[in-house]
Amino acid sequence: MATETKTKKSSGKSNSSSDSAFGWSSGHGGVIAGAVLAGAAVGIAANVGRKLFLQMSTGMSGDWVDALTAEHRLTQGLFDTLEATDDSQVATRTTLLGKLKYALTKHANEEENVIYPALRQANLAHDADALTGEHGYVKTYLYELETLPKNSPDWLARVRDFRAMLEEHIRMEEEEVFPAFRKLMSPEQNARLTSLMNKEGFKMA
(Lines give C-alpha, C1' and ligand atoms only; values in the text may rest on other atoms or scores of the structure.)
Protein backbone atom coordinates (compact mmCIF):
# COMPACT_ATOMS: atom_id res chain seq x y z
CA MET A 1 0.00 0.00 0.00
CA ALA A 2 1.41 3.32 -0.95
CA THR A 3 0.06 6.82 -0.65
CA GLU A 4 1.32 9.32 -3.19
CA THR A 5 1.69 12.97 -2.29
CA LYS A 6 1.55 15.21 -5.34
CA THR A 7 2.97 18.71 -5.37
CA LYS A 8 1.25 21.13 -7.70
CA LYS A 9 3.65 23.33 -9.63
CA SER A 10 3.08 26.25 -11.90
CA SER A 11 5.47 27.67 -14.45
CA GLY A 12 8.17 29.82 -12.85
CA LYS A 13 6.61 29.66 -9.39
CA SER A 14 7.23 27.65 -6.28
CA ASN A 15 4.55 25.32 -4.95
CA SER A 16 1.50 26.63 -3.11
CA SER A 17 3.01 26.10 0.35
CA SER A 18 6.01 28.20 -0.58
CA ASP A 19 3.80 30.86 -2.13
CA SER A 20 1.85 31.10 1.13
CA ALA A 21 5.02 31.28 3.18
CA PHE A 22 6.77 33.99 1.19
CA GLY A 23 3.91 35.91 -0.38
CA TRP A 24 3.30 37.96 2.78
CA SER A 25 4.77 41.36 3.49
CA SER A 26 8.51 41.51 3.98
CA GLY A 27 9.98 41.38 7.45
CA HIS A 28 9.26 39.13 10.37
CA GLY A 29 5.78 38.23 9.12
CA GLY A 30 7.21 36.20 6.24
CA VAL A 31 9.73 34.51 8.49
CA ILE A 32 7.07 33.60 11.06
CA ALA A 33 4.68 32.37 8.39
CA GLY A 34 7.45 30.27 6.88
CA ALA A 35 8.30 28.79 10.24
CA VAL A 36 4.67 27.98 10.99
CA LEU A 37 4.14 26.30 7.63
CA ALA A 38 7.42 24.45 7.92
CA GLY A 39 6.37 23.17 11.31
CA ALA A 40 3.01 22.07 9.91
CA ALA A 41 4.76 20.28 7.06
CA VAL A 42 6.99 18.44 9.52
CA GLY A 43 3.93 17.48 11.57
CA ILE A 44 2.10 16.17 8.50
CA ALA A 45 5.16 14.22 7.40
CA ALA A 46 5.55 12.74 10.87
CA ASN A 47 1.89 11.72 10.91
CA VAL A 48 2.17 10.04 7.51
CA GLY A 49 5.35 8.32 8.64
CA ARG A 50 3.63 7.07 11.78
CA LYS A 51 0.75 5.72 9.72
CA LEU A 52 3.11 3.92 7.38
CA PHE A 53 5.07 2.43 10.29
CA LEU A 54 1.97 1.22 12.13
CA GLN A 55 0.33 -0.23 9.05
CA MET A 56 3.53 -1.83 7.79
CA SER A 57 4.01 -3.55 11.15
CA THR A 58 0.91 -5.63 10.43
CA GLY A 59 -0.35 -4.95 6.92
CA MET A 60 2.95 -5.73 5.25
CA SER A 61 3.51 -8.96 7.18
CA GLY A 62 1.97 -11.02 4.38
CA ASP A 63 -1.53 -11.38 3.04
CA TRP A 64 -4.69 -10.26 4.79
CA VAL A 65 -4.87 -13.34 7.03
CA ASP A 66 -1.27 -12.88 8.18
CA ALA A 67 -1.91 -9.18 8.83
CA LEU A 68 -5.03 -9.79 10.90
CA THR A 69 -3.29 -12.58 12.80
CA ALA A 70 -0.43 -10.20 13.64
CA GLU A 71 -2.98 -7.70 14.94
CA HIS A 72 -4.52 -10.43 17.08
CA ARG A 73 -1.13 -11.12 18.65
CA LEU A 74 -0.60 -7.40 19.35
CA THR A 75 -3.99 -7.25 21.04
CA GLN A 76 -3.25 -10.30 23.16
CA GLY A 77 -0.01 -8.65 24.22
CA LEU A 78 -1.96 -5.64 25.46
CA PHE A 79 -4.18 -7.95 27.48
CA ASP A 80 -1.08 -9.55 29.00
CA THR A 81 0.14 -6.14 30.14
CA LEU A 82 -3.28 -5.11 31.45
CA GLU A 83 -3.64 -8.29 33.47
CA ALA A 84 -0.27 -7.63 35.10
CA THR A 85 -1.51 -4.36 36.64
CA ASP A 86 -2.96 -3.93 40.13
CA ASP A 87 -5.73 -1.69 41.44
CA SER A 88 -3.29 1.10 42.35
CA GLN A 89 -2.16 1.56 38.72
CA VAL A 90 -5.09 3.64 37.53
CA ALA A 91 -3.07 5.80 35.12
CA THR A 92 -1.38 2.76 33.57
CA ARG A 93 -4.71 1.00 33.12
CA THR A 94 -6.20 4.11 31.52
CA THR A 95 -3.34 4.36 29.02
CA LEU A 96 -3.39 0.66 28.17
CA LEU A 97 -7.15 0.67 27.74
CA GLY A 98 -6.82 3.57 25.29
CA LYS A 99 -4.29 1.56 23.28
CA LEU A 100 -6.51 -1.50 23.36
CA LYS A 101 -9.53 0.48 22.19
CA TYR A 102 -7.56 2.00 19.33
CA ALA A 103 -6.14 -1.36 18.22
CA LEU A 104 -9.53 -3.07 18.32
CA THR A 105 -11.32 -0.21 16.55
CA LYS A 106 -8.78 -0.20 13.72
CA HIS A 107 -8.98 -3.98 13.47
CA ALA A 108 -12.78 -3.96 13.46
CA ASN A 109 -12.89 -1.35 10.70
CA GLU A 110 -10.65 -3.51 8.51
CA GLU A 111 -12.83 -6.55 9.05
CA GLU A 112 -16.26 -4.88 8.95
CA ASN A 113 -15.54 -2.69 5.92
CA VAL A 114 -13.55 -5.17 3.83
CA ILE A 115 -13.27 -8.75 5.07
CA TYR A 116 -16.81 -9.45 6.25
CA PRO A 117 -18.45 -7.94 3.13
CA ALA A 118 -16.17 -10.15 1.04
CA LEU A 119 -17.29 -13.15 3.09
CA ARG A 120 -20.90 -12.30 2.28
CA GLN A 121 -20.11 -12.05 -1.42
CA ALA A 122 -18.59 -15.53 -1.21
CA ASN A 123 -21.84 -16.93 0.25
CA LEU A 124 -20.38 -17.06 3.77
CA ALA A 125 -22.89 -14.60 5.20
CA HIS A 126 -23.58 -16.76 8.25
CA ASP A 127 -19.97 -16.52 9.38
CA ALA A 128 -19.79 -12.81 8.56
CA ASP A 129 -22.95 -12.08 10.54
CA ALA A 130 -21.79 -14.09 13.55
CA LEU A 131 -18.42 -12.34 13.64
CA THR A 132 -20.01 -8.91 13.17
CA GLY A 133 -22.36 -9.59 16.06
CA GLU A 134 -19.43 -10.43 18.31
CA HIS A 135 -17.88 -7.06 17.48
CA GLY A 136 -20.89 -5.53 19.18
CA TYR A 137 -19.88 -7.26 22.41
CA VAL A 138 -16.34 -5.95 21.98
CA LYS A 139 -17.74 -2.42 22.01
CA THR A 140 -19.82 -3.24 25.08
CA TYR A 141 -16.81 -4.52 26.99
CA LEU A 142 -14.77 -1.45 26.03
CA TYR A 143 -17.58 0.80 27.25
CA GLU A 144 -17.82 -1.06 30.54
CA LEU A 145 -14.07 -0.89 31.13
CA GLU A 146 -14.06 2.85 30.41
CA THR A 147 -16.93 3.59 32.80
CA LEU A 148 -16.04 1.17 35.60
CA PRO A 149 -13.59 2.69 38.15
CA LYS A 150 -10.16 1.40 37.22
CA ASN A 151 -9.25 0.81 40.85
CA SER A 152 -12.30 -1.38 41.36
CA PRO A 153 -11.69 -5.04 42.22
CA ASP A 154 -14.22 -5.84 39.48
CA TRP A 155 -12.23 -4.08 36.74
CA LEU A 156 -9.61 -6.76 36.19
CA ALA A 157 -12.27 -9.47 36.33
CA ARG A 158 -14.05 -7.75 33.42
CA VAL A 159 -10.77 -7.56 31.51
CA ARG A 160 -10.42 -11.33 31.88
CA ASP A 161 -14.02 -11.93 30.79
CA PHE A 162 -13.42 -9.69 27.79
CA ARG A 163 -10.27 -11.55 26.85
CA ALA A 164 -11.99 -14.94 27.05
CA MET A 165 -14.76 -13.75 24.74
CA LEU A 166 -12.31 -12.14 22.31
CA GLU A 167 -10.02 -15.15 22.16
CA GLU A 168 -12.91 -17.40 21.12
CA HIS A 169 -13.69 -14.85 18.39
CA ILE A 170 -10.03 -14.93 17.33
CA ARG A 171 -9.97 -18.74 17.35
CA MET A 172 -13.03 -18.89 15.10
CA GLU A 173 -11.46 -16.48 12.63
CA GLU A 174 -7.97 -17.99 12.57
CA GLU A 175 -8.87 -21.68 12.67
CA GLU A 176 -12.16 -21.84 10.80
CA VAL A 177 -13.47 -18.89 8.83
CA PHE A 178 -10.38 -17.24 7.39
CA PRO A 179 -8.54 -20.39 6.21
CA ALA A 180 -11.70 -21.69 4.54
CA PHE A 181 -12.31 -18.37 2.82
CA ARG A 182 -8.73 -18.03 1.61
CA LYS A 183 -8.93 -21.45 -0.04
CA LEU A 184 -11.82 -20.19 -2.18
CA MET A 185 -9.83 -17.30 -3.62
CA SER A 186 -7.38 -17.11 -6.47
CA PRO A 187 -3.98 -15.50 -5.80
CA GLU A 188 -5.24 -12.38 -7.60
CA GLN A 189 -8.35 -12.17 -5.45
CA ASN A 190 -6.29 -12.69 -2.32
CA ALA A 191 -3.90 -9.91 -3.30
CA ARG A 192 -6.80 -7.59 -4.09
CA LEU A 193 -8.44 -8.21 -0.73
CA THR A 194 -5.12 -7.64 1.03
CA SER A 195 -4.68 -4.32 -0.74
CA LEU A 196 -8.20 -3.15 0.13
CA MET A 197 -7.76 -4.11 3.78
CA ASN A 198 -4.40 -2.35 4.03
CA LYS A 199 -5.96 0.82 2.64
CA GLU A 200 -8.74 0.61 5.22
CA GLY A 201 -6.24 0.12 8.02
CA PHE A 202 -4.15 3.05 6.86
CA LYS A 203 -7.12 5.38 7.38
CA MET A 204 -6.91 4.82 11.12
CA ALA A 205 -3.19 4.25 11.59
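The values are calculated or read from the model by the stated rules, or taken from the named source; none is laboratory data. Here the structure is a predicted model, which is why all the values come from computation and not from measurement. No Cβ is skipped: glycine too gets one built from the backbone with ideal geometry, and neighbour counts run over all protein chains shown. These area figures cover heavy atoms from the full protein model, side chains too; ligands, DNA and RNA do not enter into them. Shrake-Rupley method; radii C 1.70, N 1.55, O 1.52, S 1.80 Å.
TYR141 contributes about 40 Å² of solvent-accessible surface, heavy atoms of the protein only, 1.4 Å probe. Given +1 at the Cβ of Lys and Arg, -1 at the Cβ of Asp and Glu and no other charges, the dipole of the range 60-205 around its Cα centre is 440 debye to the nearest 20. The local environment of THR105, defined by Cβ-Cβ distances under 14 Å, has a net charge of -1 under the rule Lys, Arg +1 and Asp, Glu -1.
Measuring between alpha carbons in the structure, the pairs from LYS101/LYS199; LYS150/LYS199; LYS106/LYS150 lying more than 28 angstrom apart are LYS150/LYS199. Per-residue accessible area (protein heavy atoms, 1.4 Å probe) orders THR132, THR194 as THR132, THR194, starting from the largest.
The length gained on full extension between GLN76 and ARG182, counted as 0.36 nm times the residue separation minus their Cα-Cα distance, comes to 35.8 nm. For GLU83, neighbours were defined as the other residues whose beta-carbon sits under 13 Å from its Cβ, and their charges (Lys and Arg +1, Asp and Glu -1) total -1. Counting Lys and Arg as +1 and Asp and Glu as -1 over every other residue whose Cβ lies under 12 Å from the Cβ of THR94, the net charge comes to +3. Between ARG158 and ALA122, the contour length at 0.36 nm per residue exceeds the Cα-Cα span by 9.4 nm.
Note on ASP129 and ASN151: the model spin-label points, each 7 Å out from Cα along the C-beta direction, lie 4.7 nm apart. Placing +1 on each Lys and Arg Cβ and -1 on each Asp and Glu Cβ, with no other charges, gives the range 76-115 a dipole about its Cα centre of roughly 180 debye. Whenever you get a sec, compute what percent of the accessible area on the range 153-205 sits on carbon and sulfur atoms (1.4 Å probe). Looking at the range 153-205 in its full context, I get 54 percent from C and S.
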